[in-house]
Amino acid sequence: MTKQRVLSGVQPTGNLHLGNYLGAIRNWVEIQQEYDNFFCVVDLHAITVPHDPKALADNTLTMAALYLACGIDLECSNIFVQSHIKAHSELTWLLNCITPLNWLERMIQFKEKALKQGENVSVGLLDYPVLMAADILLYNADKVPVGEDQKQHLELTRDIAIRFNDKFGKKKEPVLKVPDPLIRQQGARVMSLTDGTKKMSKSDPSELSRINLLDPPDAIKKKIKKCKTDPVKGLAFDDPERPECNNLLTLYQLLSGKTKEEVATECQDMGWGQFKPLLTDAAIAALEPIQNKYQAIMDNQDYLDSVLRDGAAKADEVANATLARVKNALGFLPHP
Ligand code: TYM
């Protein structure tokens, strides 16, 4: 039996943080053996907000190396850079022409990001979810493992695929595979360290709000020491009045590998002074092997180049086949 296909990606903007890791990449690693996987560094998405050209290539390589360092296994997974596969841009154009504008205008992330940009909102920012749909649909993905914040974009991807199939597919022969999101309950929404009601985000101006995967131990220690808590003694999950408490306990649970019940029992009588060093040690211990592996990969650029070359070759093949199917369904004249 052929394995189902997984596709997912992260933008190479700034550093990977615990939200990206726990919400997405850790899950990719955990499920990868069951699937045939394509993991993409989505550099075309990274230019939908103002960006620094000098940093883009470096961040793209860093992200690819981090995928490997986190445990992506090339036996069952391909790692590639989105802009290396021309079909992503081309399918985006084709899907643009069948996607109603008002579907994009109601995207929450667009509204949030547009608000931050003020006058400077690009057409690309509005079109971001169509490019994401193209990423997914090109690979006939069955499953897309992401954090909670991407749910709406996944619903849009499904709507675009269904609309395309309705308009241009033949009965019983859909052109595009309709994908399912894979959103895990635990870690799907990691919150900021400085405000437990806001999600941890690369774009938060405060470095103290997030722990990056490449933060050295003293930075992790400082961030946890300064993170927001509350004056209540005894720590418990799932209290809506205590968002920081729930977030920090969840981080501890996921980073230490303990169960929720174990953590609830261990921490029920603790104060923050006792808990914070535990969380610090768990974070440092979880990130240390990733950081060591990352450094070894970055010291071997030839290896990293070869991973991306092989990944691109496999991605190109699958993506071009889908693109040809789509263009045929739309009635384009074949290349002579
Ligand atoms: P990006 O780079 O913003 O986020 C990458 C992944 O990290 C998850 N994530 C979080 N999970 C839990 N808690 C958080 N605080 C948190 N912050 C981010 C995101 O849900 C995501 O899974 N648009 C995508 C990139 C993309 C993509 C795709 C994903 C482009 N094409 C195709 C899947 C399939 C994004 O959010 O990137």
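Coordinate-derived values only; no laboratory data. These numbers come from a predicted model, not from an experiment. Ideal geometry is used to build each Cβ from the backbone, glycine not excepted, and the neighbour counts take in all protein chains shown.
For ARG5, the residues 5 or more places off, or on other chains, whose built amide H falls under 5 Å of its own are ASP36, ASP142, LYS143.
Measuring r between the beta carbons of ASP218 and LEU56 and using R0 = 35 Å, the FRET efficiency lands at 0.75. With axes computed from alpha carbons, what is the tilt in degrees of helix 272-298 against the longest principal axis of the chain, rounded to the nearest 10 within 0 to 90? With both axes taken from Cα atoms, the answer is about 40 degrees. Springs between Cα atoms under 10 Å define the GNM used for the chain, and in it the highest mean-square fluctuation of GLY234, GLY273, GLY147 occurs at GLY273. For the options ILE162, ILE47, ILE31, a Gaussian network treatment of the chain with springs between C-alpha atoms closer than 10 Å singles out ILE31 as fluctuating the most. Between ASN27, ASN140, ASN96, the Gaussian network model of the chain with springs among Cα atoms under 10 angstrom shows the greatest mean-square fluctuation at ASN96. Of all lysines in the structure, the ones whose alpha carbon falls short of 18 Å from that of LYS116, not counting any fewer than 8 places away in one chain, are LYS198, LYS199, LYS202. Look at the dipole of the range 186-336 built from charges on Cβ: of ALA282, ALA188, THR259, the Cα furthest out on the positive end belongs to ALA188.
With all projection directions averaged, the alpha carbon convex hull of the range 15-129 covers 8.5 nm². Candidate cross-link partners of LYS225 among the aspartates and glutamates, defined by an alpha-carbon separation under 18 Å and a same-chain spacing of 8 or more, comprise ASP195, GLU207, ASP215, GLU244, ASP281.
The value obtained for the range 232-292, namely the Cα convex hull volume divided by the number of residues, is 72 Å³ per residue. Between SER8, ASN120, VAL81, the Cα set farthest toward the positive side of the dipole of the range 1-148 (charges on each charged residue's Cβ, about the Cα centre) is that of ASN120.
Against the chain, whose longest principal axis is taken from its Cα atoms, helix 243-256 shows a tilt of about 80°. Overall shape of the chain was characterised from the C-alpha gyration tensor. The equivalent ellipsoid obtained from it has semi-axes of 37, 22, 19 Å, in decreasing order. Angle of helix 53-70 to the longest C-alpha principal axis of the chain, folded into 0 to 90 degrees and rounded to 10: 70°.
Computed from the Kirkwood radius of its Cα pairs, the Stokes-Einstein diffusion coefficient for the range 187-336 at 4 °C and 1.567 mPa s stands at 70 µm²/s. Rg/Rh, computed from the Cα trace of the range 100-213 with Rh as the Kirkwood radius, has the value 1.04. Over all orientations, the range 174-223 has a Cα convex hull whose mean projected area works out to 5.7 square nanometres.
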